[in-house]
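The values are calculated or read from the model by the stated rules, or taken from the named source; none is laboratory data. Since the structure is predicted, the reported quantities are computational estimates derived from the model, not experimental observations. We place every Cβ from the backbone using ideal geometry, glycine too, and count neighbours over all the protein chains shown. The area values use the complete protein model at the heavy-atom level, side chains included, leaving out ligands, DNA and RNA. Shrake-Rupley method; radii C 1.70, N 1.55, O 1.52, S 1.80 Å.
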Amino acid sequence: QVQLVESGGGLVQAGGSLRLSCAASGRTFSNYAVTWSRQAPGKEREFVAGISSDGTFTSYIDTVKGRFRISRDNAKNTVYLQMNSLKPEDTAVYSCAGNRRGNYDYIRPSDYWGQGTQVTVSS
């Protein structure tokens, strides 16, 4: 089992950048694929980006391609989401989740979830 804690959210102006971190506890973090998803008020949660357990493969939704970059440092048990050129429509609670299925391009409620971090982009 792995426990995940997100950090790095905040308030930023449109066009700005933030880097989110997802820190994991547990010795087997390198066995987990990790995803970032987001949920805006009144909307369903949507997958944003994912990375395979060894960092070789990544996946993004079309609306963040070229602006967001997911990476991981297994030595530090941490996954990052670098978000550039932020837009007001990126405003949401961002959550990371881990799974041992190896899937890095979709999310499931049964994944191991963090508590989320708020990202607010002002226009």
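A few notes on this one:
- Residue in the stretch 16-27 that is least open to solvent (accessible area, probe 1.4 Å), counting only those that are outside any strand (DSSP E or B) and within 25 Å of Thr120 (Cβ to Cβ): Gly16
Residue-by-condition table, conditions (1) surrounded by fewer than 17 Cβ atoms within 10 Å (Cβ to Cβ); (2) touching a residue at least 24 places away in the same chain (Cβ under 8 Å); (3) in contact with a strand residue (DSSP E or B) (Cβ under 9 Å, 6 or more places away or on another chain); (4) more than 18 Å from Gly8 (Cα to Cα):
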site	(1), (2), (3), (4)
Phe29	no, yes, yes, yes
Arg38	no, yes, yes, no
Glu46	yes, no, yes, yes
Gly50	no, yes, yes, no
Ser59	no, yes, yes, yes
Gly66	yes, no, yes, yes
Arg72	no, yes, yes, no
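- Evaluation of Gln13 against the conditions (1) open to solvent by 80 Å² or more (accessible area, probe 1.4 Å); (2) touching a strand residue (DSSP E or B) at 6+ places or on another chain (Cβ under 6 Å); (3) at pLDDT below 95 shows that the sole unmet condition is (3).
- Here the condition is being assigned to a strand (DSSP E or B) and over 15 Å from the mean Cα position of the chain (by Cα); of Val79, Val5, Val12, Val93, it holds for Val12 alone.
- Of the residues examined, Gly55 is one that is open to solvent by less than 60 Å² (accessible area, probe 1.4 Å), in a loop (DSSP other than H, G, I, E, B) and small (Gly, Ala, Ser).
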